[in-house]
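**Q** My structure is below; once you've seen it, I'll send some questions.
The values are calculated or read from the model by the stated rules, or taken from the named source; none is laboratory data. In this text, all values refer to a predicted model and were calculated from it rather than measured experimentally. Glycine also receives a Cβ, built like all others from the backbone with ideal geometry; neighbour counts cover every protein chain displayed. The area values use the complete protein model at the heavy-atom level, side chains included, leaving out ligands, DNA and RNA. Shrake-Rupley method; radii C 1.70, N 1.55, O 1.52, S 1.80 Å.
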Amino acid sequence: MKKIIFNWKENPNTLKEAKKIILDIVSSAKKYNHSVITAVPFVYLSLLSEFIKEKGITKLIELSAQNLCYQDGGAYTGEVSSKMLKDIGIKYSIIGHSERRYIFSETNEQISLKIEKSTLSKIVPILCVGELQKTSLENAFDFIKKQISENLSGYQSNDSLIVAYEPVWAIGGDKTVDVELAVEMIKRIKSFLVKKYDRKIEVLYGGSVNSKNIDEFIKFPEINGFLVGSASLIKKEIDYIIKKVK
Ligand code: PEP
C-alpha cells in the first residue's frame, strides 16, 4: 500500500483545530481502510498522542515530528532531541525539509547528524530531497545524488528510512507539478539507493499534491506514496487523497 504522510507545517493555531483535523483524517482513514502518518508541530505531539490513544484510533493514524535536533541534549535553546521524541512514543520524523534547509539554513552536515541521531533512537527518518529550481533532469539528479550522499553519510543500510522527493519549486500547495519528471526522478533515486545500500528504500513524492492532481500520480507504481503539505489541513482534500491512495 502506498504511504500517505501529511505535513501540517506551522499549523493550526489551536489544539481544538488540531484535534478536529485528526478526527477528519481518521474518519477518512477508517472509511477507506488506510493508515496515515501526520507530522504535527512539536507542541501538539504528546497532546495528540494521548488524544489518539484515548479515542482508540492508533491503527488509523501515527504521528511524526517535523524536525529534530542533532544533539542529544544540553544548551540548545528551542531544540528537541530524538530521545525526547522516542520517550513520548513518536516513531517518525521529517528531516531536511526544504523549509528547514532554505528558511532556517540547515546544512547537509547537520541533516546527516540528524539522520544518525534519529536512527540511533529508532525514529524512522523521512528524508526530504529535491532540486531548488526547475532545471534539466541531469542537473537535478546530480544535485539530488550529492544531497543524498551527504545527508546519508552516517547511515547504516539496515536502518529504516523513507525518502521523499520534493522538488522545491513545486512545494506550496498550488504549484504546477510535473508528473513525468517526478516518476523519472523517483526511478533514478531508487536505483541510486539500491546500488548504494543493496536494498529497496521507499521513495515518496511531495510538492503541491492535492485533489486536482493526485489521479495523475497514483497510477505509477514507482511512487511509493505522497508527502502532502497544504492539502493536509482541508477536510475535502484529506478525504479525496486518502480515497485515491491505495
Ligand atoms: C511539504 O510540506 O512537504 C509539501 C509538499 O507541501 P505542499 O503539499 O503544500 O506543496
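**Q** Which whole DSSP H helices in the chain pass both tests: a Cα extent of 15 Å or more along the axis and a mean Kyte-Doolittle value no lower than -0.5?
**A** 15-31, 42-55, 179-197
**Q** Further question: Quick one: which of 151-157, 210-216, 225-231 comes out on top by average Cβ neighbours within 10 Å, and what's the full order, highest first?
**A** 225-231, 151-157, 210-216
**Q** Let me ask another. Applying 1/(1 + (r/R0)^6) with R0 = 41 Å to the Cβ-Cβ distance of residue 107 and residue 234, what FRET efficiency is obtained, to the nearest 0.05?
**A** Calculated value: 0.80.
**Q** Taking the simple approach of a point 7 Å from Cα along Cα-to-Cβ for both residue 11 and residue 71, what is their distance in nm?
**A** Distance between label points: 3.3 nm.
**Q** Would you kindly state how much longer the chain becomes between residue 198 and residue 160 on full extension, computed as 0.36 nm times their sequence separation minus their alpha carbon distance, in nm to one decimal?
**A** Contour length minus the Cα-Cα distance gives 12.3 nm.
**Q** Determine the alpha carbon to alpha carbon distance for each of 187/212; 86/200; 3/200; 3/246 and list only those over 19 Å.
**A** From 187/212; 86/200; 3/200; 3/246, over 19 Å: 187/212; 86/200.
**Q** Keeping all protein chains in place and using 1.4 angstrom, which order do 165, 240 fall into by accessible surface area, from largest down?
**A** Ranking 165, 240 by accessible area, largest first, yields 240, 165.
**Q** In nm, to one decimal, how far is the modelled label at residue 184 from the one at residue 215, with both set 7 Å along Cα→Cβ?
**A** Between residue 184 and residue 215, the simple spin-label model gives 2.5 nm.
**Q** Select from 88, 21, 201 the residue whose mean-square fluctuation is largest in a Gaussian network model of the chain (Cα-Cα springs shorter than 10 Å).
**A** 88
**Q** Pairs 59/196; 55/91; 31/55; 190/236: which are spaced more than 27 Å apart, C-alpha to C-alpha?
**A** Where the Cα-Cα span goes over 27 Å, the pairs concerned are 59/196; 190/236.
**Q** How big is the shadow of the Cα convex hull of segment 5-148, averaged over all directions, in nm²?
**A** The number I arrive at for segment 5-148 is 10.0 nm².
**Q** Counting alpha carbon pairs within less than 8 Å and at least 6 residues apart, what relative contact order, in whole percent, applies to segment 113-214?
**A** 31 percent
**Q** A further question follows. Around residue 183, with a cut-off of 12 angstrom between Cβ atoms, what is the net charge of the other residues, counting Lys and Arg +1 and Asp and Glu -1?
**A** Computed value for this residue: -1.
**Q** Contour minus end-to-end for residue 132 and residue 150, with contour as 0.36 nm per residue of separation and end-to-end as the Cα-Cα distance?
**A** Additional length available on full extension: 4.8 nm.
**Q** Moving on to the next point. First obtain the Kirkwood hydrodynamic radius of segment 12-84 from its Cα pairs, then insert it into the Stokes-Einstein equation at 25 °C and 0.890 mPa s, and state the resulting D in µm² per second as a whole number.
**A** This corresponds to a translational diffusion coefficient of 184 µm²/s.
**Q** Please state the relative contact order of the chain as a whole percent: Cα pairs under 8 Å, 6+ residues apart?
**A** Relative contact order here is 22 percent.
**Q** Picking from 81, 64, 191, which is most flexible by a Gaussian network model of the chain using Cα springs under 10 Å?
**A** Highest fluctuation of the listed residues: 191.
**Q** At q = 0.09, 0.15, 0.17 Å⁻¹, what log₁₀ I(q)/I(0) does a Debye calculation on the Cα points of the chain give, no solvent, two decimals?
**A** -0.35, -1.04, -1.36
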